[in-house]
1. State yes or no: is VAL86 in contact with a helix residue (DSSP H, G or I) (Cβ under 9 Å, 6 or more places away or on another chain), open to solvent by less than 70 Å² (accessible area, probe 1.4 Å) and β-branched (Val, Ile, Thr)?
2. Please work out which one of (1) over 30 Å from ALA294 (Cβ atoms); (2) open to solvent by less than 30 Å² (accessible area, probe 1.4 Å) is the condition THR160 fails and give its number.
3. Being buried (at least 17 other Cβ atoms within 10 Å of the Cβ) and either without any contact (Cβ under 8 Å) to a residue 60 or more places away in the chain or not in a helix (DSSP H, G or I) (or both) is the filter here, so list the residues in segment 134-150 that pass it.
4. Counting only residues that are free of Cβ contacts under 8 Å to residues at least 24 places away in the same chain and assigned to a helix (DSSP H, G or I), which one in segment 100-126 is surrounded by the most Cβ atoms within 10 Å (Cβ to Cβ)?
5. List pairs: first in segment 287-300 and farther than 14 Å from THR98 by Cβ, second assigned to a helix (DSSP H, G or I), Cβ under 6 Å, 6+ apart or cross-chain?
6. Please verify whether segment 68-76 includes one or more residues that are part of a loop (DSSP other than H, G, I, E, B), closer than 20 Å to ALA294 by Cα and out of contact with any strand residue (DSSP E or B) (no Cβ under 6 Å at 6 or more places or on another chain).
7. Looking at LEU254, LEU226, LEU299, LEU290, can you tell me which residue is modelled with pLDDT of 90 or more, open to solvent by 30 Å² or more (accessible area, probe 1.4 Å) and aliphatic (A, V, I, L, M)?
Amino acid sequence: MTTKTTSARLAAGPRKGPRRRPSASSATQVGRPGFAWALPAAVFFALFAIVPLIMVAVLSFMSWDGLSSPEFVGTDNWSRLMDDPVMFQSIWLTLLLTVLGVVIQTPLSILLGVWAAGHQRNRAVLSVIYFIPLLLSATAVSVLWRALLDPNFGIPAEATWLFGDGNLFGEQATAIGVLAFVSTWQFTPFHTLIYQGAARAIPHVLYQAAEIDGAGRYRQFFHITLPQLRNAMITSMILMIVGGLTTFETVLILTQGGPGTDTTISAYYMYDKAFKSFDYGTGSAIALALVVAATIISLIVVRVSGYDKMRSTMEGSS
């Protein structure tokens, strides 16, 4: 009887007891590296981001021309900025260009990104050609379009029927339009790449289920693709906002803030104050204000959109 019981137990295999769940400390040790791995990046970030930011904050309360010793002036730099009409105009222009960038680039990037994520014929070749502006620096792009839009030797000089006198940089409206167009031409491929990766990560089973339910391409796009691109859209918009608030090279090379101060955005005004007027205190105050504004706006977008909760967009895909 004992022999039969033992053989039956052996045939049934080892007895499975209740599994132990790994403790939080062991899971942390196994799945997450220690602080030592992040130390080099933290030191680099502190030396080249945090320390300069602190120095700029201190310098914003100083009067310094770059040669003599800095002199503490309290809030005089900030008071002058509050009474400076050019500063308020630069803030308005910065916000305008930022809004134009978000409004124009977001739908273009979504459509191009979803298309590039597909399997159309010659898609890879056309995507490579379209992504070429992404490989160029902002300075190179600005120099290129400055030559192409030159009123004497560029495209406007040959197409007067479309551009009138050809001087697109002579009026505020056309100059702002040129800045928005050049920024769109340069940075839309980058955001397209973000949406392309996000669109490829959407489970195909969602589209199969929608086809079974009779949903066409348009309904699939608006009810599946766009909701699944929500996190990518928020990330892209934050990058657009921060980039719009800190753009500089395009204005420097294309318009130099002109005509007059009609395209003087905040970042260019900071450069003008610090490196042309040698008023590094006021320039530092503008720079600090830009950093604070970009941080606050980014936090508001993250908070309002719920992106900080990082909810998955793949529910129901398995």
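The values are calculated or read from the model by the stated rules, or taken from the named source; none is laboratory data. The shown structure was predicted, so the numbers you read here are calculated from the model rather than taken from an experiment. Neighbour counts are summed over all protein chains in view; Cβ atoms, including those assigned to glycine, are modelled from backbone coordinates with ideal geometry. The accessibility values were calculated without ligands, DNA or RNA, using every heavy atom of the protein model including side chains. Shrake-Rupley method; radii C 1.70, N 1.55, O 1.52, S 1.80 Å.
1. On the way: in contact with a helix residue (DSSP H, G or I) (Cβ under 9 Å, 6 or more places away or on another chain): yes; open to solvent by less than 70 Å² (accessible area, probe 1.4 Å): yes; β-branched (Val, Ile, Thr): yes.
It is true that VAL86 is in contact with a helix residue (DSSP H, G or I) (Cβ under 9 Å, 6 or more places away or on another chain), open to solvent by less than 70 Å² (accessible area, probe 1.4 Å) and β-branched (Val, Ile, Thr).
2. The one condition THR160 does not meet is (2).
3. Kept after step one, since they are buried (at least 17 other Cβ atoms within 10 Å of the Cβ), are these residues of segment 134-150: 138, 141-142, 145-146, 149.
Of everything in segment 134-150, just one residue is buried (at least 17 other Cβ atoms within 10 Å of the Cβ) and either without any contact (Cβ under 8 Å) to a residue 60 or more places away in the chain or not in a helix (DSSP H, G or I) (or both), namely LEU149.
4. Looking at residues that are free of Cβ contacts under 8 Å to residues at least 24 places away in the same chain and assigned to a helix (DSSP H, G or I), I get TRP115.
5. Correct list of pairs: ALA287/VAL56; ALA287/MET270; LEU288/VAL56; LEU288/ALA57.
6. As a first pass, look at segment 68-76 and keep what is part of a loop (DSSP other than H, G, I, E, B): 68-70, 73-75.
Imposing the further condition that a residue be closer than 20 Å to ALA294 by Cα reduces the set to none.
No, segment 68-76 contains no residue that is part of a loop (DSSP other than H, G, I, E, B), closer than 20 Å to ALA294 by Cα and out of contact with any strand residue (DSSP E or B) (no Cβ under 6 Å at 6 or more places or on another chain).
7. Details: LEU254 fails: open to solvent by 30 Å² or more (accessible area, probe 1.4 Å); LEU299 fails: modelled with pLDDT of 90 or more; LEU290 fails: open to solvent by 30 Å² or more (accessible area, probe 1.4 Å).
The conditions single out LEU226.
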